[in-house]
Amino acid sequence: MADNTPTSALRTKLALVLVSKAWRCLAVQILYKHVAIRSPMRALAILKSLEDSRSSNFPLQPADYAQWIRHIEVFTFSRGSNDITHLQTIYKILMRCTNLQIFSGWWTRPLPHAFLDAVAQQLGPVISGLYWNDMDVSYRGITMEASLKFICSFQSLSVLDLRHITEAESGSLVAESCPTLPRLKHIVLSTRKESLVMATALRLPSLRDLVMEASLYRTKTDGLMKLFLQANGASLTSVDLKLSLKAGQLESDITRLQPDLSCDVSPDLFLDPQNCPFLEGFAFPARASEITVSSPCLRRIGIRGAHREGLDVDKPSSLREHLMSIDVKKFPNLQVIMMIDFVAEAQGDYDTLKKFFVRWNDRFSEMDVEFLDGAAMQYFSNEPNKKEEHAVDPSHSPDV
């Protein structure tokens, strides 16, 4: 089966539109749900399509296609993408999308203040998700305070991705003027200084989930992460610590092929009850450092980057060390351990892998903890367990 990429997904949607008139009525809505603007020519074509669809003389299906758009992605890698006329075309598209929920942008050049103000005014009250990638360019004349003001214009945000946010002048953060995003529940950060400083400057009263993208190399931002957790750790119930990977790169490949590299963020930072006292779910890479603290509220553990050799109970590996260190003394409320993105049935030598999962499941079953693969499958041995050996016939049950 081919990989599910944006290109293949678009081809599938286009094929569905061409099946029949009945299918077209449904498939057009799916086609326009997620719109990617990759060049000035495509932006003009999308704008024309939206304008023509509002006309009663539209030959195929009279409808306003803009009402179905929920997510818009803007890429500025093509020639002419940073021209003011292209930005004006993008703004015209945004004005027609009254039901837009997510806006994503990859910007290779500094954006005009007028465009930023117009986008904030148009989308601020409505969208719930924002992804902003400045592509490591510096804002000229835009300070930290101005950047915070722009982000906080989106008061309806529930999801915010600040992994690639940049600013030229951090400035001093004044607690009295700390801007607020009252509805934000999910935030995505990186170990870059700009990302952590920006997130710490925000007041996030409803924050619940944190995704932290860590580097394989030391970034010396532990102090900034501690400041962020001091401000927001008490509200966090879920943390996903993951590695910063290139396109097409897998954590399992790094764990297997580059065993000397390790995650630059310690899991102890988030599992420490002083930082995240109510943490219930935690996911981390197999290359992370050893867990030495306890977390009384933790219920779910996910480990990324699992591979066949690491699951071998008899061979030393970082994954084995993590699994051997997990016990109910450290995590008294633990219920589930999952190998994220590692599906046993999709791997080679399935019979051997199944034996590994059975042995780990036997170990954790004694603690009343489920051990699952990436497809949430739990593996048991074929031998009857004690419950099966001592099963009671229902007819002899005192309740019957």
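Summary of values
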{"item": "Residues satisfying the stated conditions in the stretch 332-350, i.e. within 20 Å of the chain's Cα centre (by Cα) and either without any contact (Cβ under 8 Å) to a residue 40 or more places away in the chain or more than 17 Å from GLU309 (Cβ to Cβ) (or both)", "result": "ILE337, MET338, MET339, ILE340, VAL343"}
{"item": "Residue within the stretch 289-297 that is among the β-branched types (Val, Ile, Thr), part of a loop (DSSP other than H, G, I, E, B), in contact with a Phe, Trp or Tyr (Cβ under 7 Å, 6 or more places away or on another chain) and farther than 13 Å from MET212 by Cβ present", "result": "no"}
{"item": "Selection status of ILE337, modelled with pLDDT of 95 or more and crowded, with 17+ Cβ neighbours inside 10 Å", "result": "yes"}
{"item": "Test: residue in the stretch 66-77 that is crowded, with 20+ Cβ neighbours inside 10 Å, touching a residue at least 24 places away in the same chain (Cβ under 8 Å) and either within 22 Å of LEU148 (Cβ to Cβ) or among the acidic types (Asp, Glu) (or both)", "result": "yes"}
{"item": "Candidate set: the stretch 1-58, residues that are under 30 Å from ALA346 (Cα atoms), in a helix (DSSP H, G or I) and among the hydroxyl-bearing types (Ser, Thr, Tyr); chosen: the one modelled with the highest pLDDT", "result": "THR12"}
{"item": "Residue that is closer than 21 Å to SER238 by Cα and charged (D, E, K, R), where the choices are ASP341, ASP314, ASP362", "result": "ASP341"}
{"item": "Matching option when the condition is of a type outside the set (Phe, Trp, Tyr), in contact with a helix residue (DSSP H, G or I) (Cβ under 8 Å, 6 or more places away or on another chain) and modelled with pLDDT of 95 or more, among LEU311, LEU298", "result": "LEU298"}
{"item": "Qualifying residues in the stretch 263-273 (those that are acidic (Asp, Glu) and under 16 Å from THR191 (Cβ atoms)) - the one modelled with the highest pLDDT", "result": "ASP268"}
{"item": "Residue within the stretch 339-360 that is more than 30 Å from LEU227 (Cα to Cα), β-branched (Val, Ile, Thr) and touching an Asp or Glu at 6+ places or on another chain (Cβ under 7 Å) present", "result": "yes"}
{"item": "Residue among SER156, SER138, SER172, SER177 that alone is surrounded by fewer than 19 Cβ atoms within 10 Å (Cβ to Cβ), modelled with pLDDT of 90 or more and either under 30 Å from ASP222 (Cβ atoms) or not basic (Lys, Arg) (or both)", "result": "SER156"}
{"item": "Residue list for the stretch 208-262, filter: assigned to a helix (DSSP H, G or I), loosely packed, with under 14 Cβ neighbours inside 10 Å, among the polar types (S, T, N, Q) and modelled with pLDDT under 50", "result": "none"}
{"item": "Number of the condition not met by SER295 [criteria: (1) surrounded by fewer than 21 Cβ atoms within 10 Å (Cβ to Cβ); (2) of a type in the set (Ser, Thr, Tyr); (3) within 25 Å of the chain's Cα centre (by Cα)]", "result": "(1)"}
{"item": "Selection status of ILE127, among the β-branched types (Val, Ile, Thr), outside any strand (DSSP E or B) and at pLDDT 90 or above", "result": "yes"}
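The values are calculated or read from the model by the stated rules, or taken from the named source; none is laboratory data. Please read these numbers as outputs of a predicted model, since none were measured by experiment. When we count neighbours, we look across all protein chains shown, and the Cβ atoms used for this are built from the backbone with ideal geometry, even at glycine.
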